[in-house]
Amino acid sequence: MQLYIDFKCPASYLALKPTLAVSEQLGVPIGWHPMRSYQSPLMDEKPHEEVGERHRRVRALARQKTHQLYAQVQNLPLQFRNPPTNTDMALAALSLLNDCGSDPLRFISAAFDAYWTGDADLNDAAVVAKLSGAPAFLDNNENGDVARTHLEAALGQAEENGIFTSPTYVVNQQIFVGREHLPWISELLRT
């Protein structure tokens, strides 16, 4: 099972525990991949909003409330940032950890916790190096240009494979967007 995630994506964060449970229950390893997602900031209500503006504002608020409800069900802290911040350096670290054969799960858990509870800047190379436990992932490049180049290549490959958002699962060459497909994915993995 392959899973594409973004640390700033609340749906990816909420997919972590259920996905790990399916993996453990079925003895199926997870291949973790970076996927940059767009997270809409919450907009303030304007006195003379157009219908489209109101629609986008209300939908973003409804999505946030739904995520908060599911976080409560999982007993997970979930502090939204407005606007959501960039997580490219953490995504680059995930991609590089994969390529060096490391199990990135400890880093993934630490990065999600740092973003959603600790207000960490996951686009800061020093913060990400500390979370990953592998400061060498920057390849001795202070700005992380090597890491960012590596991330762009991984994102390009994902796009070529039809992946466009997170969380996205790939099982038996089938693409599933969202954790709501885990029951179906579990059935596919059992066969």
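Can you name every residue in the stretch 142-161 that is assigned to a loop (DSSP other than H, G, I, E, B) and either in contact with an Asp or Glu (Cβ under 9 Å, 6 or more places away or on another chain) or modelled with pLDDT of 95 or more (or both)?
Passing the criteria: only GLY144.
If you scan the stretch 143-173, which residues turn out to be loosely packed, with under 13 Cβ neighbours inside 10 Å and in contact with a helix residue (DSSP H, G or I) (Cβ under 7 Å, 6 or more places away or on another chain)?
If the condition is that a residue be loosely packed, with under 13 Cβ neighbours inside 10 Å and in contact with a helix residue (DSSP H, G or I) (Cβ under 7 Å, 6 or more places away or on another chain), then ASN172 is the only one that fits.
Listed residues VAL58, VAL73; which is of a type in the set (A, V, I, L, M) and surrounded by fewer than 11 Cβ atoms within 10 Å (Cβ to Cβ)?
Criteria check complete, one pass: VAL73.
Search the stretch 26-55 for residues being surrounded by 11 or more Cβ atoms within 10 Å (Cβ to Cβ) and without any contact (Cβ under 8 Å) to a residue 12 or more places away in the chain, and hand back the single one that is farthest from ALA154 (Cα to Cα).
It comes out as GLU49.
Can you name the residue in the stretch 25-54 that is within 16 Å of SER109 (Cα to Cα) and not in a loop (DSSP other than H, G, I, E, B) and, of all such residues, is nearest to the chain's Cα centre (by Cα)?
It comes out as PRO34.
Condition first: in contact (Cβ under 8 Å) with a residue 40 or more places away in the chain and among the charged types (D, E, K, R). Now tell me which residues in the stretch 141-191 satisfy that.
ARG148, ARG179, ARG190
Every residue, every condition in (1) part of a loop (DSSP other than H, G, I, E, B); (2) of a type in the set (Gly, Ala, Ser), yes or no:
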residue	(1), (2)
LYS65	no, no
GLN68	no, no
ALA71	no, yes
GLN79	yes, no
MET89	no, no
ALA93	no, yes
LEU97	no, no
PHE107	no, no
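Just give me the residues in the stretch 50-72 being over 24 Å from GLU180 (Cα atoms) and either of a type in the set (A, V, I, L, M, F, W, C) or in contact with a His (Cβ under 9 Å, 6 or more places away or on another chain) (or both), in sequence order.
Scanning the stretch 50-72 gives a single hit, VAL51.
Within the group ASP103, ASP113, which residue is modelled with pLDDT of 90 or more and either of a type in the set (D, E, K, R) or surrounded by 19 or more Cβ atoms within 10 Å (Cβ to Cβ) (or both)?
From the options ASP103, ASP113, the qualifying one is ASP113.
The values are calculated or read from the model by the stated rules, or taken from the named source; none is laboratory data. Because the structure is predicted, anything quoted here is derived from the model rather than measured. With ideal geometry, Cβ positions are generated from the backbone for all residues, glycine too; neighbour counts draw on all protein chains shown.
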